[in-house]
Amino acid sequence: MYARLVMALAWLGLVLLVSGCAGPRVKQMEVTAYCGCGRCCEWERGSWKYLKLDFWNKYISSGPREGEPYSGRTASGTYPDEPQPGLVSVDSLKHPWMIPVRIVFPWLLLPEDGTIAADTRYYPFGTRMYVPGYGYGVVEDRGSAIKGPRRLDLFYRDHEEALEWGRREVEVQILDKPDS
């Protein structure tokens, strides 16, 4: 009787593991940060083609697309963004003075995932993750230095915040991968 129960629970665990219902995977990863500035994203204002007189335009400064216009979009075609906690969140309990601000500005009511750059051979576009200290994010970008299953790059709007993050080893929860 006891052996059958153990065997049934083992099969149930195996079925849940194979089907992906066993919960998020946790992986120790090396996580860095970047922003949209010229140093992080390798672009420069103006082109020598126009003697740098078109300083309002941005051009890619290195790599295979050198000299092409820089759009600011990620590799998946979206604009990068930082995670927003939303009105109903632990952040509202920690910072109650933000509640009126989130009510007045409706775009702050709903939570929003941040942008993560990863190696898309291991984590395809749309893979959702939770990074402690950053929040929830979705893989929407890839970088030239982001290689392998243990490397991530987080987007910040501010260069100083990205430098403050630096390089950390954290346990990242991989919540779900999109259906291929």
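The values are calculated or read from the model by the stated rules, or taken from the named source; none is laboratory data. No experiment lies behind these values; they were computed from the predicted model shown. Here Cβ is always computed from backbone atoms with ideal geometry, including for glycine, and neighbour counts include all displayed protein chains.
Look at the range 101-113: where a residue is at negative phi and a partner is β-branched (Val, Ile, Thr), sitting 6+ places away or on another chain with Cβ atoms under 6 Å, you get ASP113/VAL138. The residue that is surrounded by the most Cβ atoms within 10 Å (Cβ to Cβ), among those in the range 121-134 that are in contact with an Asp or Glu (Cβ under 9 Å, 6 or more places away or on another chain) and part of a loop (DSSP other than H, G, I, E, B), is TYR134. Looking only at the range 76-91, decide whether some residue is among the aliphatic types (A, V, I, L, M), loosely packed, with under 14 Cβ neighbours inside 10 Å and outside any loop (DSSP other than H, G, I, E, B). Checking the range 76-91: at least one residue is among the aliphatic types (A, V, I, L, M), loosely packed, with under 14 Cβ neighbours inside 10 Å and outside any loop (DSSP other than H, G, I, E, B). Checked against (1) surrounded by 12 or more Cβ atoms within 10 Å (Cβ to Cβ); (2) modelled with pLDDT of 80 or more; (3) farther than 30 Å from ARG150 by Cβ, LYS58 passes all but condition (2).
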